[in-house]
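All of the numbers you see were taken from the coordinates with simple rules; none came from a lab. Model, not experiment: these values are computed from the prediction. Cβ atoms come from the backbone with ideal geometry, glycine included; neighbour counts cover every protein chain shown.
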Amino acid sequence: MKGVTVKVLVSEKETIKVALIGNPNVGKTLLFNDLTGGRAHVGNWPGKTVEKKEGKYTFRGVKVELVDLPGTYSLTAHSVDELIAREFIVNEKPDVVIDIVDASNLERNLYLTMQLLELGANVVIALNKFDLAEGLGYQIDVKALASSLGVRVVPTVATTKKGVEELKQAVIEAARKKPSKYEVSYGRALDSVISKVEEVIVKDPTLSRFPSRWLAVKALEKDEEVLKLIRASPHANEIEKVVAEASEKLGDDPEVVLAEKRYEIIGSILSKALEREEKPVTFSDLIDRVLLNKYLGIPIFAVILWAMFTFTFEVSAPLSDLIDLAISWLGEVVNEALTHADTISNMFFIATGAEINDFLANLVAGWLPSLPEWSSNFASSLIADWMYTNLFQSELSSLITDGVISGVGAVLVFIPPIFFLFFALSILEDSGYLARAAFVVDRILYKAGLHGKSFIPLLLGFGCNIPGVMATRSIDSEEDRILTILVNPLMSCNARLPVYVLVAGAVLGAYATFGVFSMYVLGMVLAASMALLFRRTIPYFKKKPSHFIMELPTYALPTARNTLTHMWERGYVFVRKAGTIIVAGVVAVWYLSTHPWGLPIYWSHVATIGYTLEPIFRPLGFNWMSIVALVFGFVAKEMVVGTFGVLLGCEEEMLGTLLASYVFTPVTGLAFMAFTLIYIPCLATIGIIYRETASWKWTAFTVVYGIILAYLVALLIVSVGHLLGVESVYILNSLLRQIAAT
Amino acid sequence: MPLAMLPQNKEAVIVEVKGGKRLTSRLLELGFTPGAKVKVLSNSGPAVVDVRGSRIALGWGVLSRIIVSVDERGDCQSVGI
């Protein structure tokens, strides 16, 4: 074997590079944490949307740089994950590759090991879930396994950190002295065919950075990337000719023959290294008989889902409120401190302040005929108030309190629901149910042109669309993945709930709860319809959803550590990604709503936007305030509530009453709720959509279709409402109520 | 016969995997190779198939592309029902 050079000796205090690889569901995340102590740098693979996690540890004086490779079943060129993994091994030549193998599922897991060995990697096997395998009655002869594969094998239990020290030791040993090379032998006939191909490949020195035998095998398997390499070679014709001859000699599809052979080799290794009693039906299968039952599956799924959301909302709501309180308290304290400092320098204004207020109040009232009649008294007092604050509040203190602090607050308020949702989700995932849920709903999603694997991203969307969009990475086909991203913003996230609660509470009276609930249903119905529409009309999505193939991991009791690790990993990414975008967005909104500096919000840039857009929204019955609220809602949808607060100049308790009196009728209120649900994903979500699709085209498409759809649905609600005369009934009702009150 | 027609809980041996290159690759790496023993554990909508000790959920389209045999002859000595 030519090409692969593995450093044979690692002197003391040298740094070694180690890669971590394994099938999905083998406990890779946990083992990574066990090795590194949890400290990781998370980034992206260059030019890819796949996450790259790196960590470090020192063992007996040797510094180890650990890179987490994507979880894969094999190393073909068919998926980005697999390509990344094998390119890393070929190009970066890690000193050691830790292959995590599920001890309770050796046969399938060793398939990847075979491919790693073929690729010339210096493999150390971590035989994880060793306790589980023993529990299942498997007796694994670790020594026999190690000697037949020619690699070091260390039994581990990632959940309890068992075997981690031994694994670290084995890694150092392997880096210092590579064990004798193991050649995957496919039997005499096949080997001679492979050698023939290898002979011509060796002629091209440009191909020498790859193991020649691996190239030969991949060429026979018609691996797209390897064929590309060969085509670029000066010996292309010769190599292709030999490959064609060899393939013909093999008869059947060489890929199938080689895979069959690999499993045969694994079988013969296991016959020496593994003893197990035949267990016809496992406990896991018994649970599946109930949970995957044709009739019970969906009802059980619905109950679990309902429990999960109830848990998330019930537990997180008080915490969110607490954070909200803390933030507004902090804002006030900081504001007071800063204003105090400013007052001295602003003494000059005190004498003239009142006159300026009067003057401006009259001016505003005269200039803005579109303000409702009630405004004359209210507005002047409001403006006087506004002027007062502005004259005594410097730009800096305003930026800090209204911009930065409320921006950070906007992010913090989201942390409890997001983390609790992830917590619940991690429990479902670690127990093995989440894969079953995808299985159960595949039938339904398929009808909407989506994939069973679209389910988890859509589900996450109810918490926040950002993790929802990020979770689409588990979908194999690019078309299915993008389609799932496009409809994800229609899943009504946590941020939209306060808007519904406010508006529905204000104008829908006894039907408020129903109104809020209907938004969630509307979102789901629209997501399904849009997915179907895009599937039918956009050529890119013309194909049927890709085949549903998914491993169902064995059920397991989730451990606290596992669940918390998963929760933390997901939540941290959200805070980091969304956090920065939201804070920046809030500061931008602060600028637009406070500049030109010193003037009330009615004259700010954002009000200008509101007035300019008003004619477009007149058919929907939205006034300029609602439009301004929607503009702010673009940053984060729950900002709609706060914006109404600022515009109507009142505390949240009064907001509903004022909204009902001056802004919305029941019908336009419902239309506004629907509009909030559908229009533009929030800024942070757009950022993530761009990152995940790596395409401005799809990002812009999501934004544009969202606005158009929102407008159409709102228009439909308003038209139907007027047709049914709901309006007049409510107006009559409220008139009667007012009369009764006076 | 296609795996889709195999009765529940009956063991069979894979004879052929008929799919596009991508699908075939996916199935091979999961252990659906000719000669592998399979058993359908559940078939409500997609099916759960036991192959080489793991449980894999397969959609209807995939089930019809995996050809299996329950014949107890030739090299399939170990087929038990």
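Among A:708, A:230, A:125, A:680, the order by Cβ neighbours within 10 angstrom, fewest to most, reads A:708, A:680, A:230, A:125. When the inverse distances between all different Cα atoms of the range A:13-104 are averaged and flipped, the Kirkwood radius reads 13.6 angstrom.
Could you list the residues of the range A:127-159 with an amide nitrogen less than 18 Å from a label point located 7 Å from the Cα of residue A:169 in the Cα-to-C-beta direction? Taking a point 7 Å out along Cα→Cβ of residue A:169, the residues of the range A:127-159 whose backbone N falls under 18 Å are A:127-128, A:142-144, A:146-147, A:151-158. Residues B:13, A:663 in ascending order of nearby Cβ atoms (within 10 Å, fewest first): B:13, A:663. Of the residues B:8, A:292, A:533, the one whose Cα sits farthest toward the positive end of the charge dipole of the protein assembly as shown, with +1 on the Cβ of Lys and Arg and -1 on the Cβ of Asp and Glu, is B:8.
The H on the amide N of residue A:16, modeled in the peptide plane, is under 5 Å from the matching H of A:63, A:64, A:65, each at least 5 residues off or on a different chain. Normalised by residue count, the protein assembly as shown yields a Cα convex hull volume of 193 Å³ per residue.
Computed over Cα pairs, the Kirkwood radius of the range A:129-253 leads via Stokes-Einstein (1.306 mPa s, 10 °C) to a diffusion coefficient of 90 µm² per second. The trypsin sites (Lys or Arg not before Pro) of the range A:614-710 include none that meets both criteria, a DSSP state outside H, G, I, E and B (loop) and at most 16 other C-beta atoms within 10 angstrom of the site's C-beta. When Rg and the Kirkwood Rh are both derived from Cα coordinates, the Rg/Rh ratio for the range A:648-728 amounts to 1.13.
Around the Cα centre of the range A:446-545, unit charges on the Cβ atoms of Lys, Arg, Asp and Glu (plus for the first two, minus for the last two) sum to a dipole of about 300 debye.
Net charge in the neighbourhood of residue A:142 (other residues with Cβ under 13 Å of its Cβ; Lys, Arg +1, Asp, Glu -1) is -1.
Separation of the range A:100-138 from the range A:223-264 is 28 Å, based on Cα centroids.
Near residue A:99, once Lys and Arg are set to +1 and Asp and Glu to -1 for all other residues with Cβ below 12 Å from its Cβ, the sum equals +1.
The chymotrypsin sites (Phe, Trp or Tyr not before Pro) of the range A:287-324 meeting both criteria, a DSSP state outside H, G, I, E and B (loop) and at most 15 other C-beta atoms within 10 angstrom of the site's C-beta, are A:295. Per-residue ellipticity at 222 nm from helix content only, as computed over the protein assembly as shown with -39500 (n - 2.57) for each DSSP H run of at least four residues, stands at -19000 deg cm²/dmol. Which percent of Cα pairs goes in each bin when the distances of the range A:439-548 are cut into 5 angstrom slices starting at zero? The percentages, shortest bin first, are 2, 13, 22, 22, 16, 10, 8, 5, 2, 0. Here the gap between residue A:618 and residue A:181, fully extended at 0.36 nm per residue and compared with their Cα-Cα distance, gives a gain of 149.7 nm.
Based on alpha-carbon centroids, what's the gap between the range A:491-534 and the range A:267-341 in Å, whole number please? A separation of 23 Å, based on Cα centres. Rounded to the nearest whole Hz, the Karplus-based 3J(HN,Hα) values (6.51 cos²θ - 1.76 cosθ + 1.60, θ = phi - 60°) of the range A:492-507 follow the sequence 6, 7, 3, 5, 7, 4, x, 5, 4, 4, 5, 5, 4, x, 6, 10, with x at glycine and proline. Viscosity 1.567 mPa s, temperature 4 °C: give me the Stokes-Einstein translational D for the range B:3-69 in µm²/s, with Rh taken as the Kirkwood radius over C-alpha pairs. Roughly 113 µm²/s, to the nearest whole number. Once the C-beta distance of residue A:208 and residue B:8 is scaled by a Förster radius of 60 Å, the resulting FRET efficiency is 0.70 to the nearest 0.05.
Applying 1/(1 + (r/R0)^6) with R0 = 56 Å to the Cβ-Cβ distance of residue A:248 and residue A:143 gives a FRET efficiency near 0.85. If you model the range A:188-251 as an ellipsoid using its alpha carbon gyration tensor, with each semi-axis the square root of five times an eigenvalue, the axes come out at 17, 12, 10 Å, biggest first. The mean sequence separation of alpha-carbon pairs under 8 Å and at least six residues apart, normalised by the residue count of chain A, gives a relative contact order of 10 percent.
Only one residue of A:305, A:242, A:160 has its Cα farthest out toward the positive end of the dipole of chain A, where Lys and Arg carry +1 and Asp and Glu -1 on Cβ, and that residue is A:242.
All other residues whose Cβ lies under 13 angstrom from that of residue A:233 are scored, Lys and Arg at +1 and Asp and Glu at -1, for a net of +2.
Between residue A:691 and residue B:18, the modelled label-to-label distance comes to 4.5 nm, taking each label 7 Å out from Cα in the direction of the beta carbon.
Overall, the range A:188-251 carries a charge dipole of about 100 debye about its Cα centre when +1 sits on the Cβ of Lys and Arg and -1 on the Cβ of Asp and Glu, all other atoms neutral.
Applying 1/(1 + (r/R0)^6) with R0 = 45 Å to the Cβ-Cβ distance of residue B:60 and residue A:591 gives a FRET efficiency near 0.25.
Bridge orientation summary for chain A: considering DSSP beta bridges with both residues in this region, about 40 percent are antiparallel.
According to the Kirkwood relation over distinct C-alpha pairs, the hydrodynamic radius of the range A:508-574 is 16.8 Å. For chain A, a simple Cβ point-charge model (Lys and Arg +1, Asp and Glu -1, everything else neutral) yields a dipole of about 1820 debye relative to the Cα centre. In terms of overall dimensions, the C-alpha atoms belonging to the range A:160-206 reach 48, 27, 18 Å along their principal axes, ordered largest to smallest.
For the segment B:32-43, counting C-beta atoms of other chains within 10 Å of every residue's C-beta and taking the mean gives 4. With a cap of 13 neighbouring Cβ atoms within 10 Å, and only residues DSSP puts in a loop, list the trypsin sites (Lys or Arg not before Pro) found in the range A:399-476. When the trypsin sites (Lys or Arg not before Pro) of the range A:399-476 are filtered for loop state and at most 13 Cβ neighbours within 10 Å, nothing remains.
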